[in-house]
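This report concerns only the one structure given below.
The values are calculated or read from the model by the stated rules, or taken from the named source; none is laboratory data. On a predicted model such as this, the values are computed, not experimentally measured, just so you know. Please note: Cβ atoms are built from the backbone with ideal geometry, for glycine as well, and neighbour counts cover all protein chains shown. Just so you know, the surface numbers come from the protein's heavy atoms only, side chains and all, with ligands and any DNA or RNA stripped out. Shrake-Rupley method; radii C 1.70, N 1.55, O 1.52, S 1.80 Å.
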Amino acid sequence: MKNLIIYTHPNPASLNHFFKQTVLESLEKFGEEIILRDLNEINFNPVLSLEDMNGQRMGKVTEDVQTEQDFITWADRIIFIYPIWWTGMPAIMKGYIDRVFSYGFAYRYDQGVQKGLLSGKSTIIINSHGKSNAEYAESGLDKALALTSDTGIFNYCGLKIQQHFYFDKADRASAESILEWKNEIITVFKSSNEPVAFE
C-alpha cells in the first residue's frame with residue numbers, strides 16, 4: 001500500500017513526533033511504500049492567496065500545490081498527524097487543506113450536487129489535545145471536532161476514515177498512556193496488513 005504521511009509539529013521532541021516515528025516504523029516493518037511530508041520542515045506556505053483562488057477557478061494551481069496534489073494522487077492511504085490547538089488544526093495544516101484540497105482536485109459540484117474526488121483512498125488521523133476526552137464530550141467539542149474535520153473535510157472529499165485517534169491530556173501524559181497509544185497505533189497498521197481469511 002502507498003502511504004502518504006502529512007505531519008506537522010514544530011518540536012522534534014513532541015508527542016506528535018513520537019506518533020510520526022511510530023507510524024513510520026510500523027509501515028516500514030510491513031514493507032509498505034511511504035512518503036512523508038513534514039509541513040514545518042518543507043516550510044509549506046499555508047496562506048491561500050488571491051492567485052490561488054483565481055487559479056482554482058480555472059483549474060490551475062501553483063507549483064508547490066501541484067507537488068502536494070501529486071503525492072495525494074499517488075497515495076492509497078493518507079495519514080494525518082497533528083495536535084489539536086484552539087479546538088482545531090494548527091494553522092499550517094489548515095492552510096495545507098485550504099490550498100491543496102482545491103476545487104476540481106479534492107471535490108467538485110455536478111449540477112449543484114457536491115462530489116468528493118478522493119474516493120477510493122482511506123485516511124487515518126492522529127490527534128493529541130490537552131483537555132480530557134470527558135471534558136470534550138461534556139462540552140460537545142468532541143462532536144464539533146468530528147463534524148469540522150471528519151465530515152466537513154475528509155468525508156467531504158471522499159476519503160474513507162479508517163481510524164481517527166484523539167489522544168487526550170497529552171501535555172501531561174504518563175509513560176503508561178504513551179505506551180498504550182503507541183500500541184493502539186501499531187495495532188491499526190497491523191490489522192490492515194493481516195491477510196483476509198476465506199472460508
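In this entry, Leu48 passes the filter for residues that are touching an Asp or Glu at 6+ places or on another chain (Cβ under 6 Å) and either touching a residue at least 40 places away in the same chain (Cβ under 8 Å) or of a type in the set (Val, Ile, Thr) (or both). The set of residues in the stretch 16-56 that are closer than 19 Å to Asn127 by Cα, part of a helix (DSSP H, G or I) and of a type in the set (D, E, K, R) comprises Lys20, Glu25.
Assess whether Arg108 counts as being out of contact with any strand residue (DSSP E or B) (no Cβ under 8 Å at 6 or more places or on another chain) and either open to solvent by 70 Å² or more (accessible area, probe 1.4 Å) or in a helix (DSSP H, G or I) (or both). For Arg108, the condition - out of contact with any strand residue (DSSP E or B) (no Cβ under 8 Å at 6 or more places or on another chain) and either open to solvent by 70 Å² or more (accessible area, probe 1.4 Å) or in a helix (DSSP H, G or I) (or both) - is not met.
Taken as a whole, the condition of being within 19 Å of Asn3 (Cα to Cα) and part of a loop (DSSP other than H, G, I, E, B) does not apply to Gly130.
When restricted to residues that are under 30 Å from Arg172 (Cα atoms), open to solvent by less than 70 Å² (accessible area, probe 1.4 Å) and touching a helix residue (DSSP H, G or I) at 6+ places or on another chain (Cβ under 9 Å), the stretch 19-41 contains 10. Condition check: modelled with pLDDT under 95 and among the aromatic types (Phe, Trp, Tyr). Does Tyr109 satisfy that? Yes: the conditions hold for Tyr109. When the stretch 70-92 is limited to residues that are among the hydroxyl-bearing types (Ser, Thr, Tyr) and either open to solvent by less than 20 Å² (accessible area, probe 1.4 Å) or not in a helix (DSSP H, G or I) (or both), the one that is farthest from Ser139 (Cα to Cα) turns out to be Tyr82. Residues that are surrounded by 13 or more Cβ atoms within 10 Å (Cβ to Cβ) and in contact with a helix residue (DSSP H, G or I) (Cβ under 9 Å, 6 or more places away or on another chain) within the stretch 43-55 comprise Phe44, Asn45, Pro46, Leu48, Asp52, Gly55, listed in sequence order. Taking the stretch 122-162 as the range and being crowded, with 19+ Cβ neighbours inside 10 Å, under 12 Å from the mean Cα position of the chain (by Cα) and of a type outside the set (Gly, Ala, Ser) as the test, the residues that pass are Thr123, Ile124, Ile125, Ile126, Asn127, Ile153, Phe154, Leu159.
Scan the stretch 57-69 and tell me whether some residue there is more than 21 Å from Asn193 (Cβ to Cβ), open to solvent by 70 Å² or more (accessible area, probe 1.4 Å), part of a helix (DSSP H, G or I) and modelled with pLDDT under 95. Within the stretch 57-69, one or more residues are more than 21 Å from Asn193 (Cβ to Cβ), open to solvent by 70 Å² or more (accessible area, probe 1.4 Å), part of a helix (DSSP H, G or I) and modelled with pLDDT under 95.
When the stretch 164-178 is examined, which residues are found to be open to solvent by 70 Å² or more (accessible area, probe 1.4 Å) and not in a helix (DSSP H, G or I)? Of everything in the stretch 164-178, just one residue is open to solvent by 70 Å² or more (accessible area, probe 1.4 Å) and not in a helix (DSSP H, G or I), namely Lys169.
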